1. Can you tell me which residue among Arg217, Arg256 is in contact with a strand residue (DSSP E or B) (Cβ under 9 Å, 6 or more places away or on another chain) and outside the structural domain of Leu149 (by TED's automatic domain parsing)?
2. Filter the range 204-226 for residues that are outside any loop (DSSP other than H, G, I, E, B), among the hydrophobic types (A, V, I, L, M, F, W, C) and more than 19 Å from the chain's Cα centre (by Cα) and give the result.
3. Output the number of residues of the range 397-421 satisfying the condition of being touching a strand residue (DSSP E or B) at 6+ places or on another chain (Cβ under 9 Å) and under 20 Å from Asp255 (Cβ atoms).
4. Can you name the helices (runs of 4 or more DSSP H) wholly within the range 1-100 that have at least 1 residues being at negative phi and under 21 Å from the mean Cα position of the chain (by Cα)?
5. Can you list residue pairs whose Cβ atoms sit under 8 Å apart, with the first residue in the range 203-222 being under 13 Å from Ala131 (Cβ atoms) and touching a residue at least 40 places away in the same chain (Cβ under 8 Å) and the second being among the basic types (Lys, Arg) and crowded, with 20+ Cβ neighbours inside 10 Å? Count only pairs 6 or more apart in sequence or on different chains.
6. Are there any pairs with C-beta distances below 8 angstrom linking a residue in the range 50-61 that is farther than 12 Å from Gly165 by Cα to a residue that is small (Gly, Ala, Ser), with the two at least 6 apart or on different chains, and if so which?
7. From the list Ala148, Ala157, which residue is assigned by TED's automatic domain parsing to the domain that holds Trp462 and under 18 Å from Thr38 (Cα atoms)?
Amino acid sequence: ATGRDLDGAFHAASDADVADAAVKARDAFSVYRSLPNTDRAAFLRAIADELEAARPDFVARVPQETALPEGRVNGELGRTIGQMRLFADVVEEGSWVDARLERPQPNREPVPKPDLRSMRVPMGPVAVFGASNFPLAFSVAGGDTASALAAGCPVVAVAHYAHPGTCEIAGEAIVRAAKKTGMPDGVFSMLQGTGQDVGVPLVEHPAISAVGFTGSRRGGLALSEVAAGREEPVPVFAEMSSVNPVVLLPGALADRSQRIAEGLAGSVSLGVGQFCTNPGLVFVPDEHAHRFAEELAAALGESHGGTALHSGIARAYEEAVSGRRDHAAVETVVASPNDVSTARINPHVFQTTLSELTAHGDLAGEAFGPATTLVSYDAVDELSCAIMGLEGQLTGTIHYADSDLPLSDMLVAALRDRAGRLILNGFPTGVEVCHAMVHGGPYPATSDGRTTSVGTAAIERWTRRFCYQDAVPDMLPPELKDGNPLGIRRMVDGAYA
């Protein structure tokens with residue numbers, strides 16, 4: 001994280017290595033896709049066990065590469081392990097395939113109705129690009145890998161250049177699990193190298209059927225362009241950038257202004273602000289703006305910043321906050337010098353007005369780090385229009401009191417159109433791994449706002465629907481056979497059973 005050389009040498013993948021990994025993944029797919037759900041679930045649980053066994057190695061290596069504290073490493077590893085086990089449960093239960101059956105009506109007039117049965121099936125090998133800010137939960141063994149393997153898709157993961165040792169430990173754990181559970185060779189591979197040298201040829205390879213990416217907008221768009229330019233284009237599910245607007249309503253601030261300021265300070269500075277759900281834009285009523293800025297400054301006074309995950313983040317953060325400090329329409333409320341040479345970054349708070357934000361769209365851009373901009377507003381209808389003018393977001397948040405409820409409807413509607421998740425009287429930085437979570441949003445928060453990268457619905461990204469028409473029983477997979485031998489939830493003639 002600080003630029004100091006660490007022990008360890010890593011093989012930079014050649015073009016031949018990339019092609020070999022992709023071809024092996026394609027060959028493994030024909031076997032892996034057909035394995036019983038119990039076998040895939042056993043593989044995922046074995047990965048979880050191997051990750052747990054490697055905990056001492058992660059605790060030793062991750063802080064060296066990322067400057068994350070031991071407590072964060074242990075917590076994130078627990079999340080990563082739990083994620084694997086959750087997907088194992090989903091696969092083993094089996095209803096995720098969304099089986100649908102329509103019985104034939106041979107005597108229907110004027111045209112007989114055929115026997116139709118459909119379900120989700122895996123698409124094929126998936127290329128996974130992990131994030132720098134979550135070196136475990138959104139990296140080599142993270143949610144994209146877990147959900148793709150759960151769906152029946154082999155994975156070729158690209159190690160992140162900022163934590164190659166961490167990636168190596170995770171990749172070796174997955175390979176050990178694959179061997180212990182008898183998975184086909186090529187079901188998982190990991191490549192070390194840069195996005196240009198490894199990522200581009202991997203996405204270009206015809207064996208790759210889909211791409212998962214978490215990172216910058218520039219990186220996500222570059223991979224999307226490569227994927228779209230293929231002879232056979234493939235989908236890219238990229239989580240990219242978001243400022244996660246927060247709306248504070250008058251009644252909420254009258255009731256608990258200081259408590260909200262303290263919570264916001266904690267959310268802004270959590271993990272040195274290096275969360276994709278960091279609240280970077282906060283709308284405050286005019287009559288409360290001055291006092292709330294003082295309360296937030298006081299609350300952030302207890303935060304002393306920290307070391308960025310890597311020097312590139314520190315440089316980008318300094319560039320972003322410098323632009324705001326020098327902006328004629330912006331007042332600086334909190335600022336401490338950053339030290340890019342040591343990747344040290346500190347909290348910043350800026351203040352402007354809704355009219356200035358509307359006039360200067362660059363003020364709504366992401367500053368990835370512990371920074372936020374307070375925007376004073378006068379009327380909720382004007383605020384609602386301004387929110388509708390924002391880019392797509394991962395989250396939106398409203399703090400309200402009962403007295404604010406008449407004002408909230410139009411804001412809820414605006415944020416529903418602009419974000420993937422709405423938080424009420426809370427803060428956006430926590431993302432629960434569960435069945436109902438949506439971690440996605442309209443472009444450019446993600447490249448495809450119909451999906452989520454966190455939670456069990458993430459498995460849907462790596463599937464397509466396939467339908468059998470008038471198939472004899474022996475042709476059908478168990479999920480679609482009469483009698484429901486797997487006992488899964490299915491739709492039969494329009495009704496779930």
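The values are calculated or read from the model by the stated rules, or taken from the named source; none is laboratory data. Note that the structure is predicted; figures quoted are calculated from it, not measured. Cβ sites come from the backbone with ideal geometry, for glycine too, and all protein chains shown count toward neighbours.
1. Selected residue: Arg256, the only one of Arg217, Arg256 that is in contact with a strand residue (DSSP E or B) (Cβ under 9 Å, 6 or more places away or on another chain) and outside the structural domain of Leu149 (by TED's automatic domain parsing).
2. Our first condition is that a residue be outside any loop (DSSP other than H, G, I, E, B); within the range 204-226, this holds for 204, 210-214, 217-226.
With among the hydrophobic types (A, V, I, L, M, F, W, C) added as a condition, the list becomes 210-211, 213, 221-223, 226.
Hit for the range 204-226 is Val226, nothing else.
3. 8
4. Result: 37-53, 55-66, 70-93.
5. Short answer, once both residue conditions are applied: Gly212/Arg461.
6. As it stands, the answer is Glu50/Ala173; Glu50/Ala177; Leu51/Ala141; Leu51/Ala170; Leu51/Ala173; Ala53/Ala173; Ala54/Ala170; Ala54/Ala173, since those pairs meet every condition given.
7. Values: Ala157 fails: under 18 Å from Thr38 (Cα atoms).
Result: Ala148 is the single residue among Ala148, Ala157 that is assigned by TED's automatic domain parsing to the domain that holds Trp462 and under 18 Å from Thr38 (Cα atoms).
So that you can scan it fast, the table gives a plain yes or no per residue for (1) more than 30 Å from Thr145 (Cβ to Cβ); (2) part of a helix (DSSP H, G or I); (3) more than 27 Å from the chain's Cα centre (by Cα); (4) not basic (Lys, Arg):
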site	(1), (2), (3), (4)
Ala254	yes, yes, yes, yes
Arg259	yes, yes, yes, no
Glu262	yes, yes, no, yes
Ser267	no, yes, no, yes
Val272	no, yes, no, yes
Thr277	no, no, no, yes
His290	yes, yes, yes, yes
Val333	yes, no, yes, yes
